Amino acid sequence: VNSSSSAAFQPLSFVSQAAGQGLSLHQTAILEQAIAGKRLKDIQIAGYADDTVQRVFCPQLWHLLSEVTGQKVGIRTLPLMLQALMAEPSEAVTARNAADLAETGLAETGLAETGREIPAPADAPTLAGSAKPIPVMQPSPQQQLVRHVIRHNLPAPTCSAFVGREAEITQLLALLSPQHGTQLISVDGIGGVGKTTLVLEAAYRCLQASQNASDQLDQSIPTFEAIVFTSAKRQFLAPFGLVERVGRSQRTLQDILQQIACTLGVDVAAQSLADQVALISSALAEQRSLLIVDNLDTLDETQAVLSFLYCELPPTVKAIVTTRQQSNFVPIRLAAMPESEALLLIELEAAEKKVTLSEAEAQQLVQQTGGIPVAIHYAIGQMVSSYSVAYVLDNLLRADSDVSRFCFEASVNLLRDRPAHQLLMALTFFPAPVHRNVLVHVALLDQKSHFGIHSSECFDDSECSKADAKNLDSPQDPRLIEQAFAQLCELSLIIQNGDRYTMLPLTQEYGIAELQQHPTFERKAREAWVRWCLEFVNTYGRQENWNWQMQNDVLQAEWQNIQSVIEWCMNQGRYEDLLKLWKCVDTHIHLQGDRPHCRRWWGLHLDWLDWLIQTARQRDPEVAVELIVSRGWLLTAMGGKEQLQEAEQLYAEAWQARLRYPVQLQLNLATNRAALQVRLGNLAQAQDCLDQAMQLAQADRLDPRERLTQQSRIDYYQGVVAFHGAAYPLAKRHFGRAAEQARQIDWQRVVQRSQHWLAEIALRQGDLTTAKDILNRGLAIAQTSPDLYQQACYQRSLAQVAQAGGDRQLAVDWGNQALQNFKNLNLAAEIEEVCTFLKNCSPEIE
């Protein structure tokens, strides 16, 4: 491109003169398009992604022009800048640049020579608002850019815009630099993750920099005298399906040598393979070259090609291989795109292909594809072909889809009949990352007896190491297991994070399809999976004292995987297993009511309880009552009108047959009925239920701990009844006894709840100092626990204390904190109560 080749772009030479140096081809191209009236988003440079041009090259040019002119320059102010620049006498420009160059010591080199002004033709264009024709400047020889001829055979870029991957492209260009000693580089990742796209983007940037040898725009981009691209790829994924490659792919060493020879212009016809290697190595040694071997894992002669790359390449060559398997080269590992980059890719693809997607649909597409670029391109291409968004999203994850076959078929074929294949299939059981020892326990059925792996060891690396060390000489050497995990990671089929593993949604669907082809393995692996879960929850799920401050992090970390087992058991009609699981996790789920998202937890639990109750009524009436007590408590805690009605019906059913069941079960039922009646506002009925509970609590059949537990609950609810009846002295005695009994069994939950009620009593009696003291101490303790409900209750009461003390602003502050926590818990009644309080406290609040 010559800046004086067209009258329409004659201002370029004037900018070049003002800058005191020749403009690069990039800068020239940008200015030409800007002067022609293009908007920033429409400016393009061949071989570079639009995002790179707009975010890197354009800002650098604006910065240069701003420094030269002393004024802020952007695409909108460019015409004004040119008008002001051309109004300045050329002698002043020359003198200014000469002075600048003298300061840098460049004047003596002759680089300060500027072009001479020549008359502008009569039809020369003018800037907007100016009648003066634009003069044409003849660039000096030093300002002319030399375009070098670079031998290459790069194919067309695989996408119209390169999105994201900035860290990876920067790393790759750094490795290609002659200053970096690395010669062999690998870009690995799952099929369709963008390996070839990344390499071609880097190659085109290098090509552009190499062709413009005098372009000093970005010194970080390496230059080469030759770039050779070879590919063993046999098929491509197009929107209409998998397409077999028509042209010849380079699958053998001979194919690769011929491609190199053709690109470099070396005649190797009629030469033996050894002589071809020698001739090509000699030709490569004479020039800096970039060699790309795409799809290394699908070569027919992988070892021969690796031998050539390792042993025959001269130091003037940089080689990049793309592969689905991790290699011993210096690696750049591509994972799925981050959500933000995937959403940007979807936005650009949809705009280019005129596809309309809502934000929710775009978000769902990211989730369905897992951020795999080829799946995104395929899905949007399908939408262009008149397939509905819903249809494409529904079919995207099918294991027999073109996307799944393209991404996984070749990789999984390498693993069949190996331990790695079993691990892959078993990993589909787990929706959340799972510890490697759990996966081994479930997947490697023949090996599990050799490792001594138990649920209690899954989080103790030292124990696992001891188990492994004792069995190094066993027929199923742990090193084989290590190799299996390594294979899966090398093929990017699983994702490792420390000692835990997971997989992308696309991979999981393909793994499920594999699992369906191996029914015997699935049956045995499912049994091992259920056994693991039963042992795990039995170890970590029981919390007999319902400790208010207990944070069962181990159980919580594994909950999604436990939930998957529970749902599978329910779908398979496995009543006995589901009942065992429920008994271990029931308390844990009840405790979630004090934490965010409790409604989601409880909603799932209610589904399980409903299924169990229906089955237990036919098989085990006593168990049905246990389940009813649990379900009724959850419904009471949720507090909706229909939920309270259902709880009342369930309790009435169970109470009719109570005499047939153990005293402890009758006690739980009576106390739960009292809590329900309190919630309904029926204080008299609640007291009747508590009186019945008191009679049952006197039974000699209760052990001391159970007696304290039941008596503490009874006193607690008697205190609640007395409080709502305004019998504050009586309520204070009951809550005091409840707290004392709870302390004896370390039941901190009831201790803290009782303390809160004592503060409420002090508030009602006008003792604000005592109320405030109790609440502040209680809130400090509550904030160290996961009990969000108790924190909100303390904050609500502190708001009431502040209001009673006349501090309206403090009352509003505490009220807003309580409101936010109740909203996080999605408690409608409490939210309405606090909103009413805030409105009364500060009428201007709506």
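Below are the figures for this structure:
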| quantity | calculated |
| --- | --- |
| Residue check, Glu706 at pLDDT below 90, part of a helix (DSSP H, G or I) and surrounded by fewer than 19 Cβ atoms within 10 Å (Cβ to Cβ) | yes |
| Residue match in region 266-282 (condition: surrounded by 13 or more Cβ atoms within 10 Å (Cβ to Cβ), of a type in the set (A, V, I, L, M), in a helix (DSSP H, G or I) and touching a residue at least 40 places away in the same chain (Cβ under 8 Å)) | no |
| Sole exception among (1) surrounded by fewer than 20 Cβ atoms within 10 Å (Cβ to Cβ); (2) of a type outside the set (Phe, Trp, Tyr); (3) at pLDDT 85 or above; (4) assigned to a helix (DSSP H, G or I) for His590, by number | (3) |
| Failed item, numbered, when Thr197 is tested on (1) modelled with pLDDT of 60 or more; (2) surrounded by fewer than 16 Cβ atoms within 10 Å (Cβ to Cβ); (3) closer than 17 Å to Thr323 by Cα | (2) |
| Count of residues meeting criterion [assigned to a loop (DSSP other than H, G, I, E, B) and open to solvent by less than 30 Å² (accessible area, probe 1.4 Å)] in region 709-761 | 2 |
| Qualifying residue in region 521-530 (condition: modelled with pLDDT of 75 or more, in contact with a Cys (Cβ under 9 Å, 6 or more places away or on another chain) and surrounded by 15 or more Cβ atoms within 10 Å (Cβ to Cβ)) | yes |
| Members of region 476-513 that are assigned to a helix (DSSP H, G or I) and either in contact with a Phe, Trp or Tyr (Cβ under 6 Å, 6 or more places away or on another chain) or among the aromatic types (Phe, Trp, Tyr) (or both) | Phe485, Tyr510 |
| Residue tally, condition in a helix (DSSP H, G or I), acidic (Asp, Glu) and open to solvent by less than 10 Å² (accessible area, probe 1.4 Å), over region 557-572 | 0 |
| When residues of region 653-703 are limited to those that are under 28 Å from Asp746 (Cβ atoms) and of a type in the set (Lys, Arg), the one modelled with the highest pLDDT | Arg673 |
| Of all residues making up region 318-350, the number that are over 24 Å from the mean Cα position of the chain (by Cα) and over 30 Å from Ile256 (Cβ atoms) | 0 |
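The values are calculated or read from the model by the stated rules, or taken from the named source; none is laboratory data. Note that the structure is a prediction, hence the values are computed from the model and not measured. Ideal geometry is used to build each Cβ from the backbone, glycine not excepted, and the neighbour counts take in all protein chains shown. Note: areas computed on protein heavy atoms with side chains; ligands, DNA, RNA excluded. Shrake-Rupley method; radii C 1.70, N 1.55, O 1.52, S 1.80 Å.
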